[in-house]
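Accompanying notes for the structure given below.
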Amino acid sequence: MSELIHSRSTRWLLAGAGLIVTAVLFGLPLLTLVLASIAGEWTRALPTHPTLAHLRAALGGAQRAALWHSLATGVGATLAALVLGVWGALASRDAPRLVRRGVDAVFLLPVAIPSVSIGLALLVAFSHPPLLLNGTVALVGVTHVVLITAYAYASAQAGIARLPAGVEEMAGSLGATPSRVLVRVTLPLLLPQLRAAAALGFALSMGELGATIMIYPPGWVTAPVEVFSLTDRGSLFAGAALSVWLLATTFGALWLLDRRGSPRRTALARRRSDA
């Protein structure tokens with residue numbers, strides 16, 4: 001049985017099955033989306049009269065504004081989530097076990113709650129003084145931060161658990177202040193985990209709809225909300241075109257984030273090989 005499981009033919013069979021499943025679940029929907037974005041008509045198995053008009057229209061007017069709103073919200077929420085997540089993970093790492101469990105519950109609870117419920121809860125909570133944020137862009141930002149901070153917190157916790165033993169104490173014994181140890185030792189060692197958290201948080205923020213549709217003001221419509229509005233009105237091709245630009249913007253930002261991390265990873269690999 002063991003030889004059958006680890007045989008080359010079995011591995012090829014599993015790899016082929018995995019490729020087929022991936023293509024059906026992920027590749028086919030993306031291909032359909034791209035085809036819809038350039039379709040003039042779609043009354044047959046494949047679209048006819050291909051055109052770039054929908055893609056061009058998605059870069060102007062309300063659709064371009066919605067794309068910009070999503071990008072600005074995603075970047076701002078990701079930065080805020082990283083600060084809060086790292087702060088929570090660092091502040092609770094030496095706390096008693098009961099306190100750490102409480103902090104974990106606070107930061108990770110949004111993951112277990114439907115986003116639409118979080119949006120409604122924040123809408124009700126900030127609809128009265130002293131924090132009256134209903135109908136403002138700030139409430140959109142707060143909502144996205146609440147939704148993605150859990151991932152920054154969990155990634156920072158994982159990175160802290162993997163820190164080399166005694167490296168921070170060693171830096172302190174050499175005369176470095178706590179703030180200098182944090183900036184020059186701890187945070188650089190956590191960069192791989194923080195970069196991964198930033199990528200995941202940004203991608204989730206760019207595609208967030210459930211909570212945003214509950215709280216967005218008329219002047220700050222994000223791309224997912226605009227896509228929902230377009231398709232709800234029957235403009236499927238226009239919605240598909242905006243979705244394609246949303247995907248391209250998200251993938252482009254993630255590529256830039258990964259590209260910025262590549263030189264650092266190469267330098268670390270060279271240092272390890274030299275050592």
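Leu257: surrounded by 15 or more Cβ atoms within 10 Å (Cβ to Cβ) and within 14 Å of the chain's Cα centre (by Cα), yes or no?
Answer is yes for this residue.
With respect to Leu242, is the statement that it is of a type in the set (A, V, I, L, M), touching a residue at least 40 places away in the same chain (Cβ under 8 Å) and out of contact with any Asp or Glu (no Cβ under 7 Å at 6 or more places or on another chain) true?
Spelling it out, it is not the case that Leu242 is of a type in the set (A, V, I, L, M), touching a residue at least 40 places away in the same chain (Cβ under 8 Å) and out of contact with any Asp or Glu (no Cβ under 7 Å at 6 or more places or on another chain).
Kindly indicate the residue of segment 157-171 that is within 14 Å of Asp94 (Cβ to Cβ) and of a type outside the set (D, E, K, R) and also modelled with the highest pLDDT among those meeting that condition.
Gln157
With Ala161, Ala171 as the choices, which residue is small (Gly, Ala, Ser) and within 23 Å of Ala105 (Cβ to Cβ)?
Ala161 is the lone residue from the list that is small (Gly, Ala, Ser) and within 23 Å of Ala105 (Cβ to Cβ).
From Val181, Val185, grab the single residue that is at pLDDT below 90 and in contact with a Gly (Cβ under 7 Å, 6 or more places away or on another chain).
Val181
Report, by residue number, each residue of segment 116-161 that is farther than 14 Å from Ala80 by Cβ and within 14 Å of the chain's Cα centre (by Cα).
Ala154, Ser155
Need the failing condition index for Pro217 against (1) out of contact with any helix residue (DSSP H, G or I) (no Cβ under 9 Å at 6 or more places or on another chain); (2) more than 23 Å from Phe26 (Cα to Cα), just the number.
For Pro217, the exception is condition (1).
Got at least one residue in segment 86-106 being within 13 Å of Leu147 (Cα to Cα) and either in contact (Cβ under 8 Å) with a residue 24 or more places away in the chain or not hydrophobic (A, V, I, L, M, F, W, C) (or both)?
Within segment 86-106, not a single residue is within 13 Å of Leu147 (Cα to Cα) and either in contact (Cβ under 8 Å) with a residue 24 or more places away in the chain or not hydrophobic (A, V, I, L, M, F, W, C) (or both).
One residue is enough: does segment 119-132 have a residue meeting the conditions closer than 30 Å to Ala238 by Cβ, free of Cβ contacts under 8 Å to residues at least 60 places away in the same chain and not basic (Lys, Arg)?
No - not one qualifying residue is present in segment 119-132.
So which residues in segment 14-42 are at pLDDT below 80 and over 29 Å from the mean Cα position of the chain (by Cα)?
Leu14
Considering His54, His49, His69, which residue is at positive phi and not hydrophobic (A, V, I, L, M, F, W, C)?
Matching residue, one of His54, His49, His69: His49.
Results for (1) surrounded by fewer than 19 Cβ atoms within 10 Å (Cβ to Cβ); (2) over 20 Å from Leu79 (Cβ atoms); (3) not hydroxyl-bearing (Ser, Thr, Tyr), shown as yes or no for each residue.
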position	(1), (2), (3)
Thr177	yes, yes, no
Arg184	yes, yes, yes
Leu190	no, no, yes
Gln193	no, no, yes
Val227	no, yes, yes
Leu230	no, yes, yes
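The values are calculated or read from the model by the stated rules, or taken from the named source; none is laboratory data. No experiment lies behind these values; they were computed from the predicted model shown. Don't worry about glycine lacking a Cβ; one is built from the backbone with ideal geometry, like all the others, and counts go over all protein chains shown.
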